[in-house]
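Written below as structure tokens is the structure these notes are about.
The values are calculated or read from the model by the stated rules, or taken from the named source; none is laboratory data. Not measured: the values here are computed from a predicted model. In this analysis, Cβ positions are derived from the backbone assuming ideal geometry, glycine residues included, and neighbour counts consider all displayed protein chains. These area figures cover heavy atoms from the full protein model, side chains too; ligands, DNA and RNA do not enter into them. Shrake-Rupley method; radii C 1.70, N 1.55, O 1.52, S 1.80 Å.
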2 protein chains.
Amino acid sequence: MMDTPLVLTSFFKRAETYFKHKPIISRTSDTMIHRLTYADFAVRTKKLAAVLEGFGLQRGMKIGSFAWNHHRHLEAYFAVPCSGAVLHMVNIRLAPEHLIYIINHAKDEILLVDDDLLPIIEEIYTELKTVRAVIVMGDDVDVSQSTIPNIFVYEDLLKEARTDFEFPEDLDEKMPAGMCYTSATTGFPKGVVYTHRSLVLHALSLGLVETFGLQERDIVMPVVPMFHVNAWGLPFACVNFGATQVLPGPHFTPKILLDLIESERVTLSAGVPTIWLGMMQELEKSEVPRDIASLTRLVSGGSSSPKGLIKAFEQKYGVNFLVGYGMTETSPIVSVSNYSSEMDEWDYEDKLEARSTQGMTVSLIETRIINENGEVPWDGKTMGELMIRGPWVADEYYEDERTADAFRDGWLYTGDIAVRTPQGYIKITDRTKDLIKSGGEWISSVDLENALMTHDAVFEAAVIAVPHPKWQERPLACVVTHEKPADEAALKAQLLAYLEQDFAKWWLPDDVLFLDEIPKTSVGKFLKAKLRDEINEYI
Amino acid sequence: MMDTPLVLTSFFKRAETYFKHKPIISRTSDTMIHRLTYADFAVRTKKLAAVLEGFGLQRGMKIGSFAWNHHRHLEAYFAVPCSGAVLHMVNIRLAPEHLIYIINHAKDEILLVDDDLLPIIEEIYTELKTVRAVIVMGDDVDVSQSTIPNIFVYEDLLKEARTDFEFPEDLDEKMPAGMCYTSATTGFPKGVVYTHRSLVLHALSLGLVETFGLQERDIVMPVVPMFHVNAWGLPFACVNFGATQVLPGPHFTPKILLDLIESERVTLSAGVPTIWLGMMQELEKSEVPRDIASLTRLVSGGSSSPKGLIKAFEQKYGVNFLVGYGMTETSPIVSVSNYSSEMDEWDYEDKLEARSTQGMTVSLIETRIINENGEVPWDGKTMGELMIRGPWVADEYYEDERTADAFRDGWLYTGDIAVRTPQGYIKITDRTKDLIKSGGEWISSVDLENALMTHDAVFEAAVIAVPHPKWQERPLACVVTHEKPADEAALKAQLLAYLEQDFAKWWLPDDVLFLDEIPKTSVGKFLKAKLRDEINEYI
């Protein structure tokens, strides 16, 4: 068989050849929506590559991006790796000291920065040791006042770029192509390097019916940021399959997302549950009924999706709500909660139960859930740590001693605690460090949270462990309500009674605190470590 | 990223882990249908591997199969490659001297042979130089009278096999896993070796919506033989995705296939156009209406599919009729005629035109259509030779000097003449050697054949070149009618008038011959070389 490498260039060439006419809709500000075709995209991407070549781009060199979801970021997604270099997608929400650390640690030489995010980079610029040029992306950029010396304007460079650039044909599939850093519980973020092979196989799998079934006729809006795990591979997959892309740009609101769904007839969108919670609120409060009939599926991941939310989208709006699971270390897709044929005859409530799990392991990926007795039984109850391996799973953190903690015996130890349902679906019950150990038994904080979030009064809920003299640890519920409760004591009693229907008495939280918000990580996950600290102060 | 190899073992383990309960329905004779689960399949496959280990199976060793589509053949499909050896799927329809050549050329050491096909092997056994054991597959096998000395019974061996066999975990993805021979125009068949990587990537792509969209809830009946290009990858894909398999076994008829579709609720079937022509006739003549409502798509390939056939299945029976294109050298899937979104607004007749082409090139595969001026324009008219490259395309014929004819500059030169439609779809117009060159211009025999086959009276039609003193070559139509024509001259005039509606005058065949049948290759393709010989004698 031919030794044809699995490289992103093949995706790019496919779009350039077959999908010239297909559109990319790119919102770059509140007043600007660009409409390009894939033909425009191809020309601009090759121009960007020519520009970067002029900056001395070498194979393996790291180029940082610091940007929202828009067409220029998409151009970087291909121009950099298809030239043999590595796109480091920098998370714009990190604290300054973490930004400084990861840009220096990755040794980024050029940064592609959104104009509205430039002040953040200017603030830390003198601390950046390897960056030798900053290119500013935006519609109408003026860098004359910038404190950064080697600064350039993306569109000006593209205007002057040569038009006869062609990508090299000799890339090796195991070459690094992209990298992202993932926040650690303690210490600096840890880097994950993606290869052409891993990105191609991962993106290809998004076209499988068993995963997202992504296809040419889809109109895809990735709400998940392009600075977060390759926007779950969607930009790569859309280019390969020729799907229309709707890129929501900076500072979007639920209203803006709904406007885009309505106007562009979006069929598939993907993001964290918080996005869908906000969208549901917007849908409910909207005076003019919203038309989201084009939407056939939402993909939700990053943290657990409340059943009430899933049910509302599925039953009220006819949208298939797919829960996915993955990590920065896994590119990210590991599993998706599609229904299997045996569920066809199930009641909706049982199907909802399956839908809300992290789902079925996708092709080419292996998962194990292991406790002290080995692989856990498929009983939906016995907890163990989730382990993963496969061709788009990392085998190390980039130049990081913490590699040894997570990568052992050829497996990634996720630190996530899970059970396996009788259908083989994965259900995450907790992080190893968030599990509550009461009287020698484990209590799943995620199960309690999900149950609380099905209560009408509750917007969000996080359950954490608090130290207990007798039981070692006990659960404490932290709840954000839709409206300020009139009577906190009454609502607390109500919520505990509500939980009592489904859980053993010893699982019930010892207390319920009503908070204004739950602290979250830069990618929208509950920041339980911070919550615990805050609560400890409170106690 | 982890260096996880793309090996068939991962497909096997996936079925063994997640699809234990899913069925395999295997027809092994007119009176026997086996019903197994994937759990049974997994146990039996590992037993077969243990048996073969007992026969001294080594990595890279060639094991021949000589069998219909049934569960035992499926077991060999995995037991052999997952052990690191190579399954040579021998085409049961080859002439004895070709069988002798390919078994000796591949150096098959063990043959797995169906009991009803054993006489063919007995006939040639003394000529086979490397075979040291024959294992006979069947339900009730008696080999006591066989002339072959080292002969064994599959089910007896399985009964005695150890049950603790596990497949090795250290296979390399570039190891050979399977091989098939393809008939040559002249000389012996040419061998193509598939690797684990090529078979895995190819089979995975069958799960893409853009290809067949194969999925767990599918009930798949591969009519295409398992001795022909891996049954188009379906057995591998079904095992990976957990689809139910319906294997139609030996000597099936259109009636038997329809019975299986009805009783097993088949959703997807695949085979050559002749199969679907026969099935359509059976559907039409059936007195009790047949229920094929479960069927959502038929895949047709191997030769051109008449538009009338496609239309009948789509309009009358609501079955999506997908035309695919591929070769033994390409594993085989290169392109599929799925509708793109731009066709949604088209009239059915225009869609039918797209449907009947060889379709859109699938992900990871590159196609070019080249004539003396380079890449042909996308005008649906300009012909050129189709060239293909990609990770499941061969780069040589196995130990064969004819490699240099077809594999050059990293591309497979198919010898097929094609045009590209404005949508980028491939449409095969001829084989290089079947093109008709009249007065310096090319005439496509396939276009004429397809047009003839849309005429109500015509069952099959082949158009060939005959020498002509002035024009060099002229087309001659060879037609098989549904019923013996009452007046051949009248029908001939009718057919020529029918063609005249769509073709330039100089394209019209000089004559129409009415034949009882058109000679076909062992895989159902028109054997034009033989037809030309017969016609020459006739002339």
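As a test, work out the antiparallel percent of DSSP beta bridges whose residues both lie in the stretch A:221-343, rounded to the nearest 5. Working shown, then result.
Values: 3 of 13 bridges.
The antiparallel proportion sits near 25 percent.
Run through the DSSP bridge list for the stretch B:434-538 and note the antiparallel percent, rounded to the nearest 5. The partial results should precede the final answer.
Numbers: 15 of 19 bridges.
Counting only bridges with both partners in the stretch B:434-538, antiparallel ones make up about 80 percent.
Hey, can you grab everything whose amide H is under 5 Å from the amide H of A:Ser65? Only 5+ residues off in sequence or another chain; H modelled, so Pro and N-termini drop out.
A:His88, A:Met89, A:Val90, A:Leu112
Measuring label to label, 7 Å along Cα→Cβ, what does A:Gly410 give against each other copy in nm, shortest first?
Output for A:Gly410: 3.2 nm, nearest copy listed first.
Quick one: putting +1 on the C-beta of Lys and Arg, -1 on the C-beta of Asp and Glu, what dipole do you get for the stretch B:434-538 around its Cα centre, in Debye to the nearest 20? If you can, show how the numbers build up before the last one.
Values: 11 positive and 19 negative charges, 70 e Å.
Dipole magnitude for the stretch B:434-538 comes out near 340 debye.
Would you mind pulling out the separation of the Cα centroids of the stretch B:1-41 and the stretch B:58-79, in Å?
For the stretch B:1-41 versus the stretch B:58-79, the Cα centre distance is 14 Å.
What's the buried accessible area, both sides, between B and A using a 1.4 Å probe, rounded to 100 Å²?
Details: alone 22680 and 22670 Å², together 40660 Å².
Counting protein atoms only, the buried area is about 4700 Å².
With everything on Cα atoms, drop me the angle between helix A:8-18 and the longest principal axis of chain A, reported from 0 to 90° to the nearest 10.
70 degrees
Could you provide, to the nearest whole Å², the per residue accessible area of the stretch A:236-326 with probe 1.4 Å? It would help to have the intermediate numbers written out before the result.
On the way: 2900 Å² over 91 residues.
That works out to 32 Å² for each residue.
Excluding A:Tyr181 itself, what net charge comes from residues whose Cβ is under 14 Å from its Cβ, given Lys and Arg +1 and Asp and Glu -1? Working shown, then result.
Working: positive: A:Lys62, A:Arg93, A:Lys107, A:Lys190, A:Arg402; negative: A:Glu97, A:Asp108, A:Glu329, A:Glu396, A:Glu399, A:Asp400.
Net of charged neighbours comes to -1.
Amide H to amide H, which residues 5 or more places from A:Ala133 or on other chains are under 5 Å from it, using H placed in the peptide plane?
When sequence neighbours closer than 5 places are left aside, the close amide H contacts are A:Leu111.
Please report, for B:Ala529, the nm distances (one decimal) from its label point, 7 Å out from Cα along the beta-carbon direction, to the equivalent points in the remaining copies, shortest first.
Here B:Ala529 shows inter-copy label distances of 7.1 nm.
Please list, in chain and number order, the residues 5+ apart from B:Thr521 or on another chain whose amide H is under 5 Å from its amide H, with Hs placed from the backbone.
Those qualifying (amide H under 5 Å, at least 5 residues apart or on another chain) are B:Phe526, B:Leu527.
Straight-line reach only, C-alpha to C-alpha below 15 angstrom: list the aspartates and glutamates that B:Lys470 could link to, leaving out same-chain residues fewer than 8 apart.
Within the straight-line cut-off, B:Lys470 pairs with B:Glu441, B:Asp510.
Run the helix sum for chain A: -39,500 (n - 2.57) per DSSP H stretch of 4+ residues, divided by residue count, reported at 222 nm to the nearest 500 deg cm²/dmol. Mind showing how you got there, number by number?
On the way: 16 runs with 157 residues, N = 539.
Result for chain A, helices only: -8500 deg cm²/dmol.
Give me the aspartates and glutamates in straight-line cross-link reach of B:Lys107: C-alpha distance below 16 Å, same-chain residues under 8 apart excluded.
Correct list for B:Lys107: B:Glu97, B:Glu127, B:Glu399, B:Asp400.
Calculate the mean, over all residues of peptide B:359-371, of how many other protein chain Cβ atoms lie within 10 angstrom of the residue's Cβ.
3
Work out from phi, with θ = phi - 60° and the Karplus expression 6.51 cos²θ - 1.76 cosθ + 1.60, the ³J(HN,Hα) of each residue of the stretch B:372-387, listed in order in whole Hz, and give x for Gly and Pro.
Coupling constants for the stretch B:372-387: 5, 9, x, 4, 6, x, 7, 10, x, 10, 6, 8, x, 8, 7, 10 Hz.
Applying the Karplus parametrisation 6.51 cos²θ - 1.76 cosθ + 1.60 with θ = phi - 60° to the phi angles of the stretch A:343-357, what ³J(HN,Hα) value in whole Hz is obtained for each residue in order, glycine and proline being reported as x?
With coefficients 6.51, -1.76 and 1.60, one gets 7, 4, 8, 6, 5, 4, 5, 6, 5, 4, 4, 5, 4, 7, 7 Hz.
Looking only at other chains, what is the average number of their beta-carbon atoms within 10 angstrom of each beta-carbon in B:2-8?
Values: counts 15, 6, 13, 1, 5, 0, 0.
Averaged over the peptide's residues, the number is 6.
Can you list, bin by bin at 20 Å, the percent of alpha carbon pairs in chain A, starting at 0?
Going out from 0 Å in 20 Å bins, chain A shows 21, 55, 22, 1 percent.
Could you point to the residue in A:Ala486, A:Phe503, A:Gly440 farthest towards the positive end of the stretch A:434-538's charge dipole, with +1 and -1 charges on the Cβ of Lys/Arg and Asp/Glu respectively?
Final value for the positive-end residue is A:Gly440.
B:Lys47: which aspartates and glutamates have alpha carbons under 16 Å from its alpha carbon, excluding same-chain residues fewer than 8 sequence positions away?
B:Glu16, B:Glu75, B:Glu155, B:Asp156, B:Glu160, B:Asp164, B:Glu166
In whole angstrom, how far apart do the alpha carbon centroids of the stretch A:190-242 and the stretch B:329-375 sit?
24 Å
Please work out how much length the chain gains when fully extended from A:Val480 to A:Glu53, using 0.36 nm per residue of separation minus the C-alpha to C-alpha distance, in nm with one decimal. The partial results should precede the final answer.
On the way: separation 427, 0.36 × 427 = 153.72 nm, distance 5.08 nm.
Here the answer is 148.6 nm.
If Lys and Arg each add +1 and Asp and Glu each add -1, what is the summed charge of the other residues whose beta carbon sits under 14 Å from the beta carbon of B:Ser263? Spell out each step's value before the answer.
Details: positive: B:Arg27, B:Arg35, B:Lys255, B:Arg265, B:Arg290; negative: B:Asp259, B:Glu262, B:Glu264, B:Asp291.
In short, +1.
Antiparallel DSSP bridges in the stretch B:136-261: what percent, to the nearest 5?
Numbers: 6 of 9 bridges.
Within the stretch B:136-261, antiparallel bridges account for around 65 percent of the total.
Find how many whole Å separate the alpha carbon centroid of the stretch B:394-432 from the alpha carbon centroid of the stretch B:273-312.
29 Å
What shape does the protein assembly as shown take by its C-alpha gyration tensor, where a ≥ b ≥ c are the square roots of the eigenvalues and a/c under 1.5 counts as rounded, a/b above b/c as prolate, and the rest as oblate? Mind showing how you got there, number by number?
Working: a/c = 1.92, a/b = 1.50, b/c = 1.27.
Cα axes put the protein assembly as shown in the prolate bin.
Counting partner chain Cβ atoms within 10 Å of every residue's Cβ in B:198-209, what's the average?
Values: counts 3, 1, 2, 5, 1, 1, 7, 3, 1, 9, 12, 11.
The mean count of partner-chain Cβ atoms within 10 Å per residue comes to 5.
Using the Karplus curve 6.51 cos²θ - 1.76 cosθ + 1.60 with θ = phi - 60°, what ³J(HN,Hα) values do you get for each residue of the stretch B:474-483, in whole Hz, with x for Gly and Pro?
For the stretch B:474-483, the Karplus-derived couplings read 9, x, 10, 9, 10, 10, 10, 9, 4, 10 Hz, x marking Gly and Pro.
Would you kindly work out, in nm and rounded to one decimal, the distances from the label point of A:Thr163 to those of the same position in each other copy, ordered shortest first, with label points 7 Å along Cα-to-Cβ?
Spacings between copies for this position, smallest first, are 7.2 nm.
Could you check how much of the accessible area of the stretch B:434-538 is carbon and sulfur, as a whole percent, using a 1.4 Å probe?
Details: 2650 of 5360 Å².
Roughly 49 percent of what the probe reaches on the stretch B:434-538 is carbon or sulfur.
Rounded, prolate or oblate: pick one for the stretch B:239-354, where a ≥ b ≥ c are the square roots of the eigenvalues of its C-alpha gyration tensor, a/c under 1.5 means rounded, and failing that, prolate if a/b is larger than b/c, else oblate. Walk me through the intermediate numbers first.
Numbers: a/c = 1.60, a/b = 1.18, b/c = 1.35.
Oblate, since a/c reaches 1.5 and b/c is not below a/b.
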